[in-house]
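Beneath this line is the structure, given in structure tokens, with notes to follow.
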Amino acid sequence: MSSDLEPVALKHINAAAASIANDGSSLDEETRKKTLNAVRELVKSLEKPFEVLWRYSYRLSSQRMAMRVGLDMGLYDVLVKADGKPVKAQELADACKAEKLFTVRIMRVLTAAGFVDEVGVETYAANELTKLMAEDVTDGVVKGSYDMPARVQVVMHNYFRERGYKSPVDPVDGPMQWTLNTKLAYFEYVQQDPELFKAFTQLMTRWRGLSKHWTEWYPVQANILDGASTNAEEIIMVDMGGDRGHDLEIFLKRFPSTQGRLVLQDLPMTIATVPHLAPAIKTTVHDFFTPQPVKGARVYFMHIILHDWPDDKVRDIFRQIIPAMRPGYSKLLLNEIVLPDQKCPADFAAADINMMNLLAGMERSRAQWIELVESVGLKVIAVHTSPFMENSEGVVEAMLEA
Ligand SMILES: C[S@@+](CC[C@H](N)C(=O)[O-])C[C@H]1O[C@@H](n2cnc3c(N)ncnc32)[C@H](O)[C@@H]1O
């Protein structure tokens with residue numbers, strides 16, 4: 001592997017190693033991330049090509065399998081409940097109602113992968129990762145991101161061999177439907193399975209917890225409120241596909257002067273479950289594939305909606321909003337992942353593949369967003385990126401020129 005490890009990266013690695021060795025103090029978050037990236041580059045430069053191939057084609061699949069089996073066995077819970085005391089294999093097996101030999105074999109994989117510490121022969125102790133694995137929400141995160149998506153991923157090479165090497169565009173006839181032999185769209189499929197639905201909800205909650213709300217880094221005052229109409233009858237923001245209104249609730253808390261001028265829209269099934277938010281937030285049923293009924297709002301907002309859809313469907317959604325927009329005044333704000341045009345972080349590249357497989361959807365790069373938005377006659381004013389989440393969450397801001 002070629003090494004493009006910069007001297008500055010080596011400096012981070014050395015400084016972190018010295019800091020940890022000297023006083024064991026934990027690194028500040030920025031240094032930790034820089035050091036981690038530097039170490040990853042170092043690993044890339046040290047690993048031989050066959051070692052990389054072996055890791056991806058062989059080792060990772062058994063590690064994922066053992067992680068998942070361990071969750072069902074409840075072995076992370078047993079180790080965490082031991083409260084720091086080492087647990088022998090027989091004790092662990094008994095507590096999990098499992099065979100000792102089987103437990104030892106699974107634990108070999110999990111200790112090598114760092115999920116659990118091996119503190120003696122066939123003796124184990126919980127570490128920080130074990131504690132995470134034992135948290136309630138982890139069950140949903142793993143089931144939502146692994147169980148069904150992994151079934152689709154392992155046979156995708158067959159799907160693309162049969163259908164051609166191109167991005168799927170039909171949300172009800174894509175890789176997921178091909179694999180699971182269903183005609184249901186992803187969300188319909190998830191909703192008819194209570195365990196999968198719970199897992200998906202937990203996964204989304206955990207995902208949201210990783211990011212900073214857009215109002216913390218997007219200039220709301222300068223770009224929305226300054227220059228907004230002072231007429232109390234006119235709407236400041238419409239949140240399309242806003243689910244239960246959490247985005248608008250946060251917005252209202254930070255900008256209480258917008259009370260009564262915010263509109264939440266979603267499908268009937270979702271709106272039926274929304275708590276009574278009025279009069280601060282008007283709650284209405286609206287399908288975003290039909291004409292936008294709120295005319296001349298300052299902002300038409302969508303949060304993680306459009307990555308669910310292929311380009312043609314996104315254009316259909318835009319064409320329903322455009323007639324409602326007041327040129328030179330109304331803004332379309334898309335709070336989505338914005339992939340960098342180069343050197344996409346691995347997690348976000350994986351998110352794109354997930355969207356492709358499950359929904360015929362897509363995570364889009366900065367250039368792809370601009371091209372898509374401008375293809376329907378809107379003008380992109382700016383693409384704002386979050387200083388958090390490795391700069392991959394953003395707000396695409398567009399207008400109709402006056
Ligand atoms: C991934 S969730 C995002 C929800 C919310 N914006 C958020 O950030 O958490 C997608 C939302 O779009 C809604 N949705 C799906 N199809 C829709 C449609 N045709 N019209 C309006 N809302 C729709 C769903 O009900 C769901 O609330």
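The values are calculated or read from the model by the stated rules, or taken from the named source; none is laboratory data. Values in this document were obtained by computation on a predicted structure and should not be read as measured data. Virtual Cβ from ideal backbone geometry, glycine too; neighbours counted across all protein chains shown.
Restrict the check to the stretch 141-156 and report whether at least one residue is outside any helix (DSSP H, G or I), over 20 Å from the mean Cα position of the chain (by Cα), of a type outside the set (Gly, Ala, Ser) and farther than 23 Å from ALA95 by Cα.
Looking for residues that are outside any helix (DSSP H, G or I), over 20 Å from the mean Cα position of the chain (by Cα), of a type outside the set (Gly, Ala, Ser) and farther than 23 Å from ALA95 by Cα, one finds at least one in the stretch 141-156, hence yes.
Can you go through SER386, SER365, SER375 and tell me which one is crowded, with 16+ Cβ neighbours inside 10 Å and touching a residue at least 60 places away in the same chain (Cβ under 8 Å)?
SER386
Taking the stated definitions as given, is ILE224 more than 16 Å from the ligand (Cβ to nearest atom), assigned to a loop (DSSP other than H, G, I, E, B) and over 20 Å from GLY140 (Cα atoms)?
So ILE224 does not fit the description; no.
When the stretch 320-335 is examined, which residues are found to be buried (at least 20 other Cβ atoms within 10 Å of the Cβ) and among the charged types (D, E, K, R)?
The answer is LYS331, and nothing else.
Every residue in the stretch 209-220 that is assigned to a helix (DSSP H, G or I) and either in contact (Cβ under 8 Å) with a residue 24 or more places away in the chain or buried (at least 18 other Cβ atoms within 10 Å of the Cβ) (or both), please.
LEU210, TRP214, THR215, VAL220
Looking at the stretch 159-169 only, could you name the residues that are loosely packed, with under 12 Cβ neighbours inside 10 Å and either part of a helix (DSSP H, G or I) or at pLDDT below 95 (or both)?
Scanning the stretch 159-169 gives ARG161, GLU162.
For residues that are near the ligand (Cβ under 9 Å from one of its atoms), assigned to a loop (DSSP other than H, G, I, E, B) and surrounded by 13 or more Cβ atoms within 10 Å (Cβ to Cβ), tally how many sit in the stretch 273-308.
Adding up the residues that qualify gives 5.
Taking the stretch 225-260 as the region of interest, how many residues are in contact with a helix residue (DSSP H, G or I) (Cβ under 7 Å, 6 or more places away or on another chain) and acidic (Asp, Glu)?
Total meeting the criteria: 2.
So LYS313 fits all but one of (1) away from the ligand (no atom under 15 Å from the Cβ); (2) among the basic types (Lys, Arg); (3) under 24 Å from the mean Cα position of the chain (by Cα); what number is the exception?
All conditions pass for LYS313, except number (1).
Return the pairs, sorted by first residue and then second, in which the second residue is among the β-branched types (Val, Ile, Thr), the first residue lies in the stretch 335-351 and is assigned to a loop (DSSP other than H, G, I, E, B), the beta carbons are less than 9 Å apart, and the residues are 6+ apart or on different chains.
Sorted first by the residue in the stretch 335-351, then by its partner, the pairs are PRO340/THR385.
This table checks each residue for (1) away from the ligand (no atom under 13 Å from the Cβ); (2) under 22 Å from ILE337 (Cβ atoms); (3) not basic (Lys, Arg).
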{"position": "PRO168", "(1), (2), (3)": "yes, yes, yes"}
{"position": "THR179", "(1), (2), (3)": "yes, no, yes"}
{"position": "GLN191", "(1), (2), (3)": "no, no, yes"}
{"position": "PRO194", "(1), (2), (3)": "yes, no, yes"}
{"position": "PHE200", "(1), (2), (3)": "no, yes, yes"}
{"position": "LEU210", "(1), (2), (3)": "yes, yes, yes"}
{"position": "ASP247", "(1), (2), (3)": "no, yes, yes"}
{"position": "PHE251", "(1), (2), (3)": "no, yes, yes"}
{"position": "THR258", "(1), (2), (3)": "yes, no, yes"}
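Answer yes if at least one residue in the stretch 175-191 is hydroxyl-bearing (Ser, Thr, Tyr) and closer than 30 Å to ALA382 by Cα, and no otherwise.
No, that holds for no residue.
Among the residues of the stretch 260-272, which ones are within 14 Å of the ligand (Cβ to nearest atom) and of a type in the set (Gly, Ala, Ser)?
Once the filter is applied, which keeps residues that are within 14 Å of the ligand (Cβ to nearest atom) and of a type in the set (Gly, Ala, Ser), the stretch 260-272 yields only ALA272.
The conditions are (1) on the phi < 0 side of the Ramachandran plot; (2) over 22 Å from the mean Cα position of the chain (by Cα); (3) away from the ligand (no atom under 16 Å from the Cβ); (4) modelled with pLDDT of 95 or more, and VAL238 fails exactly one of them. Which is it?
Against the list (1) on the phi < 0 side of the Ramachandran plot; (2) over 22 Å from the mean Cα position of the chain (by Cα); (3) away from the ligand (no atom under 16 Å from the Cβ); (4) modelled with pLDDT of 95 or more, VAL238 comes up short only on (3).
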